[in-house]
1. I'd like the trypsin sites (Lys or Arg not before Pro) in segment 125-189 restricted to DSSP loop residues with at most 12 other Cβ atoms within 10 Å, sorted by number.
2. Take the alpha carbon atoms of segment 123-189, find their radius of gyration, then divide it by 2.2 N^0.38 Å using N residues; give the quotient.
3. Between residue 92 and residue 119, what length comes free when the chain is fully extended (0.36 nm per residue of separation minus the Cα-Cα distance, one decimal in nm)?
4. Of all chymotrypsin sites (Phe, Trp or Tyr not before Pro) in segment 117-182, which ones are in loop regions per DSSP and have a Cβ with at most 12 other Cβ atoms within 10 Å?
5. So for each of 80-93, 45-58 I average, over its residues, the number of other beta carbons within 10 Å; can you give me the resulting order with the highest mean first?
6. Which length gain, in nm to one decimal place, applies between residue 135 and residue 180 when the Cα-Cα distance is subtracted from 0.36 nm times their residue separation?
7. Summing +1 for each Lys or Arg and -1 for each Asp or Glu, what net charge is found among the other residues whose Cβ lies under 12 Å from the Cβ of residue 158?
Amino acid sequence: MKNKALILPFLLILLPLIDSLFIPQTFGIQWHSPKLMYQIGVALMIVKLTMVAIGLWLLLKAKRLYMEASKSTRILKFSVFLLGGLQVVIMTAICFWYLVAGTQAKHFILQDNIAVFTADYGVFAPVHHEFSFICFDANGFYHMQPIAQLPWLGTFTFTSQDSRLIIQHKNQSGANTQEISLKGVGCLQ
């Protein structure tokens with residue numbers, strides 16, 4: 001098979017694409033905490049960018065294979081090259097954004113077995129808070145059990161008492177307290 005030299009560059013370009021498009025962040029692994037997995041995902045962005053850049057370089061280096069290849073192989077190589085180029089542009093922009101604006105790691109709050117993620121996507125969507133239970137297994141892996149999604153609360157603190165989530169928040173309208181029932185919500189042991 002003449003096209004064995006294309007396998008490695010194709011893998012280096014397509015695996016990061018698959019991770020970015022089809023699998024949840026960090027290959028869907030949920031270990032330790034959502035904040036840690038988010039931070040690993042940010043670091044993996046640099047690894048994926050490097051993989052795609054090496055894959056593109058290897059594709060360009062295989063110029064001889066391009067001339068000797070069949071028409072369908074040329075089209076496939078060109079398509080993968082375009083996908084790789086697009087990934088480099090997008091991942092470079094994301095890495096640059098992380099350097100300029102920072103990551104969203106500061107938007108995670110972990111308290112006991114309750115996690116809050118403040119989803120702040122700028123002008124693309126309204127800011128909201130996602131409250132969830134973090135349910136751990138014996139190996140440190142977790143899954144999230146949603147509790148509630150609330151609109152922007154401003155500055156807030158929360159505690160859980162007697163099957164209730166008590167959220168004290170302060171926004172433009174002043175100080176408020178909100179209670180959410182936790183009955184029927186939680187980790188099944």
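Just so it is clear, none of the values below were taken in a lab; they were calculated from the coordinates. Given the structure is predicted, the values throughout are model-derived calculations rather than measurements. Glycine gets a Cβ as well: all are built from the backbone with ideal geometry, and neighbour counts include every protein chain shown.
1. Working: sites: 164, 170, 183; in loops: 183.
Listed in order of number, the matching sites are 183.
2. It is 1.29.
3. Numbers: separation 27, 0.36 × 27 = 9.72 nm, distance 2.27 nm.
Extra length from residue 92 to residue 119 when fully extended: 7.5 nm.
4. 121
5. Top of the packing list down: 45-58, 80-93.
6. Length gained between residue 135 and residue 180: 14.3 nm.
7. That sum, taken over residues with Cβ under 12 Å, equals -1.
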